[in-house]
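The values are calculated or read from the model by the stated rules, or taken from the named source; none is laboratory data. The shown structure was predicted, so the numbers you read here are calculated from the model rather than taken from an experiment. As a convention, Cβ positions derive from the backbone with ideal geometry for all residues, glycine included, and neighbour counts pool all protein chains shown. To get the accessible areas, we keep the full protein, side chains included, count just its heavy atoms, and leave off ligands, DNA and RNA. Shrake-Rupley method; radii C 1.70, N 1.55, O 1.52, S 1.80 Å.
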Amino acid sequence: MKVLFVCVGNSGRSVMAERLFRRVAAGRHEARSAGSDPHRETAEPTVVEAIGELGIDASDHVAHRLDDADVAWADVVIAACDGACPVVHGKRYENWGLTDPYGRPLEQVRAIRDEIARRVDDLLATLAE
């Protein structure tokens, strides 16, 4: 299965979700991330640090604007944001309603990361069915 994680900025939640999914899926499924309105070129520094604590490097992330090719590629679309999330019709779609890590201290970003990790595990269990 191909999973697309979307958000507004593609610098926080969707990055963590994509990287965590890739690690746990271990090649069984593919993942990408994109944002409807990326506001910076790279991942948020606290996101890079929090995901790095798990041995995952996100320092090479380059924000990507969501486009039709991304949607066509995906079997599953996960909106990782808590407000004005991109909605995609015609695909399996879930909105996880996650708090934005932007500007939050590391301990709060860790909690968001851990919630994403739990949801990624749950998603992978459903893909295995």
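For the chain, the solvent-accessible area with a 1.4 angstrom probe is 48 square angstrom per residue. How large a share of the accessible area of the chain, in percent, is made up of carbon and sulfur atoms when the probe is 1.4 Å and the other protein chains stay in place? Accessible surface attributable to carbon and sulfur in the chain totals 48 percent. Working note: 222 nm ellipticity from helices only, DSSP H runs with n ≥ 4, each -39,500 (n - 2.57), summed and divided by the residues of the chain, gives -12000 deg cm²/dmol to the nearest 500. A simple count of charges around His39, restricted to other residues whose Cβ falls under 15 Å of its Cβ and scoring Lys, Arg +1 and Asp, Glu -1, yields -1.
Within segment 46-129, the proportion of Cα pairs with more than 18 Å between them is 54 percent. Taking a ≥ b ≥ c as the square roots of the eigenvalues of the Cα gyration tensor of segment 1-75, is the shape rounded (a/c under 1.5), prolate (a/b larger than b/c) or oblate? In terms of gyration-tensor shape, oblate. Whole-percent P(r), segment 82-129, all Cα pairs, 5 Å bins from 0: 5, 17, 21, 21, 20, 10, 5, 1.
Report relative contact order for segment 45-129 in percent, whole number only (criteria: Cα-Cα under 8 Å, sequence separation at least 6).
26 percent
Backbone phi angles across segment 25-39, fed through the Karplus curve with coefficients 6.51, -1.76 and 1.60 (θ = phi - 60°), yield HN-Hα couplings of 5, 6, x, 6, 9, 10, 9, 9, 9, 7, x, 6, 8, x, 10 Hz in residue order; Gly and Pro are listed as x. When the chain is treated as a GNM, springs tying every alpha-carbon pair under 10 Å, which of Gly12, Gly35, Gly90 comes out with the largest mean-square fluctuation? For the chain, modelled as a Gaussian network with Cα springs under 10 Å, the answer is Gly90.
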